[in-house]
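The values are calculated or read from the model by the stated rules, or taken from the named source; none is laboratory data. This is a predicted model, so every value here is computed, not measured. Here Cβ is always computed from backbone atoms with ideal geometry, including for glycine, and neighbour counts include all displayed protein chains.
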């Protein structure tokens, strides 16, 4: 199992095997997600907005910014 030591500055070097598995490269970021007491999951945070292109159907009609804002406000009010 890969492991890393914390430096006096609180830094770690992510082992090459982990960087490879997470497809991390220089300049990429990682996120630490708390999954339980004393447990975190490290995930790559290097997704691009273009990665989600096409996951939603095209709208049946164009919607104005005012209509979008009103829909968000309406949904938020339902959660209160």
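Against the conditions (1) at negative phi; (2) at pLDDT below 85, where does residue 14 fall short? Just the number, please.
(2)
Please verify whether residue 42 is exposed (fewer than 10 other Cβ atoms within 10 Å of the Cβ), assigned to a strand (DSSP E or B) and out of contact with any helix residue (DSSP H, G or I) (no Cβ under 6 Å at 6 or more places or on another chain), treating the condition exactly as stated.
no
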